[in-house]
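Notes follow the structure.
The values are calculated or read from the model by the stated rules, or taken from the named source; none is laboratory data. Since the structure is predicted, the reported quantities are computational estimates derived from the model, not experimental observations. A quick note on method: Cβ atoms are made from the backbone with ideal geometry, for glycine too, and the neighbour counts reach across all protein chains shown. Accessible surface is based on the protein model in full, side chains and every heavy atom, while ligands, DNA and RNA are left aside. Shrake-Rupley method; radii C 1.70, N 1.55, O 1.52, S 1.80 Å.
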Amino acid sequence: MNAEEEDLLNEKIIDNLIQYTSENDDTADDKNETDTQNDEIKSNIFQTNDISNTEEFNINDEFDKEIPEEEQLPPEDIHYIEDFADKNIKSNSDNYKNNNSDYGKKGTKAGIIIGIIIGIIVVTAFISIDSGIIGRYKNNFAKNFSNIFKNFQSDKYNDEFEKAPVIDTQYKLDTKSNIIVSLESANKTEFTEYRDGIIFAGMNHLTYIDNTGNIVWETDTSIVDPILKAAGNYILIAEKNGNKLCLYGDRRLLYDTDDPDEIIAAELSASGDVVAVTDKSSYKGGISVYNKSGARIFSWAAGSSMVISADISSVSRCVAVATLDTENTAGTIIHLFDVNQTDSYAKINIDNTVVFDMKFTGDLLTAFGDNRITGISANGNLLYDNIFENEQLTHSAIDSKGNNILSFDNGNIPMINMYNKNGRLKSSITLTGVTDFIDINDKNILYNLGRDVYFGKINSDDIVKYTATMDIKKLLITSNNTFVIVYSNSIEIITV
């Protein structure tokens, strides 16, 4: 229906309403007066400039549009509409009051009714008509109403709104359980995941707690300042900057032995073999290898190069040793050994990179450097070499299947990348802050931003956000749905 048809229909409706009023009037004089008023109502209500070109007003579509100055309602039109209703209501009331006395109260009552009906007609016309004077008035009113509330401000409201808690809908916030286990010496204790829980070693003590918070077993040890490792069914504790090595098969002590040199670091394979990085006398460093019976089956001195890290394969017993090469620029040489031979059978030069950690997954060696990760087979073949030219690698973690995650600082933009065991990038996320701790287990990742801890599959809708109660000292994944937060005086086990 166009604007002209709409106005004709409105005119017809008003005619019918006025006709209905006239038919109920008892006097000819009243009818004539009413007809005269009706003509005046129609002529004024439908008085417009070129009504066929008037657009239909829709408050949802036009609410924010600027009203052209030529379409804004003049002040005289506003006064006209306001005075019109008063004039007609007062006119009808006065006419009936001045009528001859034969009609008495009946005439007065009829005049009031007619005045009310005419007022209703005017209001109805104002509501239903969107063109001409009334249309412009409604348009102008809506615009002014919008501007009033757009500019309205309340200091009290704003303060309360800013302080209202914001619900983080990006992450899940619910957890099944959280268990806190008090531990006074947690700040001086080493922790690692073991079976379906966590094992920790402190001064002369070793304890295993499962994911329900129960102490499964605990035992005394001869180690004061422990290096702690766990793989398969084996647990290694070594004296940091000391000589002692102790291997456990679960809670049972398998051996307690002393290395001839001071122990700097140590690694353990799932087969029970141990490789210790030592500060070898008269050399820059060296290594010693022990089997699960405690026999020293291999040793090597690095000569003039410092030993940075080492690991041993649980499959082939291949030993990998990373040494710092400073002849030209800071780089790394990775040496591969067979425990049954004296000399290395392969060397891999990694220029301009310091390899700070290495891990075997079967016979696949992953080397983590400050600006790259490199995959090497047990026979010395380079499988992949991911170089990060503009990123600074800050943390790394790897699981038993070879999946690993790296945290970077990419030009002050913190991020986390996840790679599979073949070095292929699987996922990447940009962080809102710098993470201090990361871990990975079967594609579940764990990291923190301050006291906020995030756990789940990377870039999924299932990541859980948990806020720690204190400053975090370490994070560990102990199962597909459980992680552990280490505090200075306790640990918290969270199940999601």
TODO: Using only the alpha carbons, work out the radius of gyration and Dmax of region 361-496 in angstrom.
DONE: 15.2, 48
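Could you sort 457-464, 260-267 so that the peptide with the highest average Cβ count within 10 Å comes first and the rest follow in order?
Details: 457-464: 14.1, 260-267: 19.1.
Output ranking for 457-464, 260-267: 260-267, 457-464.
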Task: Vicinal HN-Hα couplings computed from phi for region 170-176 (Karplus, 6.51 cos²θ - 1.76 cosθ + 1.60; Hz; Gly/Pro x) - done: 6, 10, 6, 10, 8, 10, 6
Open item on the list: 5 Å is the cut-off here: which amide hydrogens, built 1.01 Å from N in the peptide plane, fall below it relative to Arg372, excluding neighbours closer than 5 in sequence?
Closed with: Phe388
Task: Sequence-separation-based contact order of region 263-413, relative, with Cα cut under 8 Å and 6+ spacing, percent - done: 13
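Would you mind checking the pairs Lys229/Lys465; Lys284/Lys426; Lys347/Lys474; Lys172/Lys240; Lys284/Lys347; Lys188/Lys292 and listing those with alpha carbons more than 30 angstrom apart?
Numbers: Lys229/Lys465 28 Å; Lys284/Lys426 39 Å; Lys347/Lys474 35 Å; Lys172/Lys240 40 Å; Lys284/Lys347 18 Å; Lys188/Lys292 27 Å.
The answer is Lys284/Lys426; Lys347/Lys474; Lys172/Lys240.
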Open item on the list: How far apart, in nanometres, would the label points at Ala301 and Asp174 be if each is projected 7 angstrom from Cα along the Cα-to-Cβ direction?
Closed with: 6.5
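Order the peptides 331-341, 227-237 from the highest to the lowest mean number of other Cβ atoms within 10 Å of their residues.
Working: 331-341: 18.3, 227-237: 20.8.
Descending packing order for the listed peptides: 227-237, 331-341.
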Open item on the list: List residues of region 305-325, by number, whose backbone nitrogen lies under 12 Å from a label position 7 Å along Cα→C-beta of Ala270.
Closed with: 314-316
Open item on the list: Which three numbers, in whole Å and largest first, are the semi-axes of the equivalent ellipsoid of region 452-496 derived from its Cα gyration tensor as √(5λ)?
Closed with: 19, 11, 8
- [ ] Set the Förster distance to 22 Å, then compute FRET efficiency between Ser316 and Val354 from the Cβ-Cβ distance, nearest 0.05.
- [x] 0.25
- [ ] Using Cα pairs closer than 8 Å and at least 6 residues apart in sequence, work out the relative contact order for region 180-233, in percent.
- [x] 31
Open item on the list: Solvent-accessible area of Val181, probe 1.4 Å, all protein chains present, reported in Å² to the nearest ten, please.
Closed with: 30
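What do you get when you divide the Cα radius of gyration of region 362-413 by 2.2 N^0.38 Å, with N the number of residues? Don't skip to the answer; put the middle values down first.
Working: Rg = 11.9 Å, N = 52, 2.2 N^0.38 = 9.9 Å.
Ratio of Rg to 2.2 N^0.38 Å for region 362-413: 1.21.
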Open item on the list: In whole percent, and with a 1.4 Å probe on the protein chains, what portion of the accessible area of region 221-352 is carbon and sulfur?
Closed with: 41
TODO: Quickly rank 395-402, 425-432 as a protection proxy: mean count of other C-beta atoms within 10 Å, highest first.
DONE: 395-402, 425-432
